[in-house]
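The values are calculated or read from the model by the stated rules, or taken from the named source; none is laboratory data. As the structure is a computational prediction, the values presented were derived from the model and not from experiment. Cβ placement follows ideal geometry from the backbone for every residue including glycine, while neighbour counts extend to all protein chains displayed. Ligands, DNA and RNA are excluded from the accessible area calculation, which covers all protein heavy atoms including side chains. Shrake-Rupley method; radii C 1.70, N 1.55, O 1.52, S 1.80 Å.
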Amino acid sequence: MTHIFSRIRYATQTLLSAVVLLFAGATPALASDWKRAETHSFIVYSEGSTTQLEKYARDLERLDALLRKLWRKDPIEDPAKLTVYLLEDAQNVSALAGRDARSGLIAGFYTARAEGSFFVGNRRRSKFAERLTGRQVLYHEYAHHFFFQNFSVPAPAWFAEGYADFVSTAEFLPNEQWTIGKYANRHLSTLAYNRSYDFGALVSGAKPKKNASLFYAWSWALTHYLYSQPQGSGKKITRYLADLNDGIEPEKAAANAFGDTEALAEAVRAYIKEPITYQKSTEPLIYRSAVQIEELEDVPSQLVELRLQRLMNYDAKGAQKDLEKLVDRGKANADVWSELAILRYVRQDQREAHDAVERALSLDPTHTEALVLRGRMAVEKYQQEGAEDNALLETGLADLEAAVAAEPNNPWALTNLAQTLQMSGQQADRLGELSERAFELAPEVVPIRFQYAFVLTAQGQYSRAIRLMEIIANNPHGGGENAEKFIESLKGLRDEYGDEN
């Protein structure tokens, strides 16, 4: 239990004592000896201890099981596994992300990509209760990932962020016990010193235009209040989301579920003055507990960090040189050649990229990433040459078909084949199937969501396309402007033509 005002002086003191002068341009100290843990839903890389890695991997499976228990969602039998990289500390995470340390460190971040969504976090425990930890950021971001994977309801920004913060403080205890909804200490000072907030704008789904810390803090406070036992432990939120799912406007849905906005605001302000309670398990959590841990050998270990550098566009030139050193030492397998080909391609060295991808496929003819890259290169050359050489298009399509055959549940292969079919005007029915499958596997990836929405639009399914876009439009982190414009266009088409059944 926590009392906000009894702790505010301590919070201020510890936050001030945590200020450290750091220099910009730091270099992330990536590991040389990585370990890999694989569970049903996750692949986790770390160069820390095996015991710590196993704990992280199991706790992620526990978190997934807990969210499924709370939301009554069945497990996904063959999920697109989320990859997690655990660095030593926040300094390394910030440097990898290109963050100027003088503007503040970041404990972790999540990136949704068709090539494979991933999270980068850190293993260090903070001495300060009010500092956001790598584990809390991981749990926060996984809550977003979970919602993308399991829901189609266009939840407004306040609930998306408030619930993610509610989940972020989950803990997993011995004997498979758990807690969720402990105080998010980073909001202590914000809530104590900023007592007024426009709850009408909040529950209407408005995104923060300024002072994001206030938005996050009050979104968490409102969510926590609605999940308290006197408020029905989330039943009002369930009704609110059901109304949104039925197409009711956010203001009306909020009034139906929560009542008068001013009364709600006063109740939440009173709520956070009192000791905060949280949920605790009454029975052991059932989850998929199997964890396979592997200590990676020299080349696979180096590939982990070189791939991460490429994904983050961090020192691509240096990463390419390191891959070429592996080639010179005679240690290049298909994965090394493929990664080198992608880096050369990204750095506009098409000829060298082609040579490397051919070497990768000579070693492994079913290497999915190499097949996708060679297919893309052929299609791009076809487009550059004025679409006169159909042989190039057929070659590219053959490689992309082979990639999908090698990994039928690979979103990167599926979406590249779908895009090529769309560009060439071929196999309209198959385009829909591929786009839908890619979306089912990676609904968190914005380009994949847009691609499927375009397919639905072509089919006249405007309402379904609108629902796909509303989730992006509600994103408080930005990037929703294109989705909002698309939604307006879709509404106009729906008004003019109606929905195809």
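Taken over the stretch 374-391, residues that are open to solvent by 30 Å² or more (accessible area, probe 1.4 Å) and either more than 19 Å from Arg344 (Cβ to Cβ) or touching a Cys at 6+ places or on another chain (Cβ under 9 Å) (or both) amount to 8. Residues in the stretch 149-180 that are over 23 Å from Gln229 (Cα atoms), in a helix (DSSP H, G or I) and within 18 Å of the chain's Cα centre (by Cα): Gln149, Asn150, Ala157.
Quick check on Thr415: is it of a type in the set (Val, Ile, Thr) and open to solvent by 10 Å² or more (accessible area, probe 1.4 Å)? Here the answer is no, as Thr415 does not meet what is asked. So, Glu305, is that one acidic (Asp, Glu) and either farther than 30 Å from Glu171 by Cα or open to solvent by 60 Å² or more (accessible area, probe 1.4 Å) (or both) or not? Taking the combined requirement at face value, the residue does not satisfy it.
For first residues located in the stretch 390-409 and within 20 Å of Ala80 (Cβ to Cβ), partners that are open to solvent by 30 Å² or more (accessible area, probe 1.4 Å) and at pLDDT below 95 and lie 6+ apart or on another chain with Cβ distances below 7 Å form the pairs Asn409/Asp78; Asn409/Ala80.
Table: residues versus (1) under 20 Å from Pro154 (Cα atoms); (2) assigned to a loop (DSSP other than H, G, I, E, B); (3) of a type in the set (Lys, Arg).
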| position | (1), (2), (3) |
| --- | --- |
| Leu202 | yes, no, no |
| Gly205 | yes, yes, no |
| Lys209 | yes, yes, yes |
| Leu214 | no, no, no |
| Ala217 | no, no, no |
| Leu222 | yes, no, no |
| Arg239 | yes, no, yes |
| Ala242 | yes, no, no |
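Checking every residue in the stretch 183-191 against the condition of being open to solvent by 50 Å² or more (accessible area, probe 1.4 Å) and not in a helix (DSSP H, G or I) gives zero matches. State whether one or more residues within the stretch 28-49 are over 19 Å from Phe172 (Cβ atoms), modelled with pLDDT under 50, of a type outside the set (D, E, K, R) and out of contact with any Phe, Trp or Tyr (no Cβ under 7 Å at 6 or more places or on another chain). No. Of the residues Asn245, Asn333, the single one that is open to solvent by less than 80 Å² (accessible area, probe 1.4 Å) and either modelled with pLDDT of 95 or more or of a type in the set (Lys, Arg) (or both) is Asn333.
Within the stretch 311-322, being of a type outside the set (Ser, Thr, Tyr) and either modelled with pLDDT of 95 or more or open to solvent by 30 Å² or more (accessible area, probe 1.4 Å) (or both) holds for Met312, Asn313, Asp315, Lys317, Lys321, Asp322. Summed over the stretch 224-237, the residues that are in contact (Cβ under 8 Å) with a residue 40 or more places away in the chain and assigned to a helix (DSSP H, G or I) give a count of 4.
Considering (1) at pLDDT below 95; (2) out of contact with any strand residue (DSSP E or B) (no Cβ under 8 Å at 6 or more places or on another chain), the lone condition that Ala65 does not fulfil carries the number (1).
Checked against the criterion of being modelled with pLDDT under 95, charged (D, E, K, R) and under 30 Å from Ala465 (Cα atoms), the stretch 255-263 contains not a single residue that satisfies it. Does Leu308 satisfy the condition of being assigned to a loop (DSSP other than H, G, I, E, B) and touching a strand residue (DSSP E or B) at 6+ places or on another chain (Cβ under 7 Å)? No: the conditions fail for Leu308. Please state which of the following conditions Ala270 fails to meet, knowing it meets all the rest: (1) in contact (Cβ under 8 Å) with a residue 24 or more places away in the chain; (2) within 22 Å of His187 (Cα to Cα); (3) loosely packed, with under 15 Cβ neighbours inside 10 Å. Exception for Ala270: condition (1). In the stretch 205-242, the residue that is farthest from Asn475 (Cα to Cα) out of those that are buried (at least 22 other Cβ atoms within 10 Å of the Cβ) and aliphatic (A, V, I, L, M) is Leu226. Of all residues in the stretch 244-267, those satisfying the criterion of being in a helix (DSSP H, G or I) and free of Cβ contacts under 8 Å to residues at least 12 places away in the same chain are Lys252, Ala255, Ala263, Glu266.
Criterion applied to Ser196, Ser168 was being hydroxyl-bearing (Ser, Thr, Tyr) and within 26 Å of Asp89 (Cα to Cα), and the one residue passing it is Ser168.
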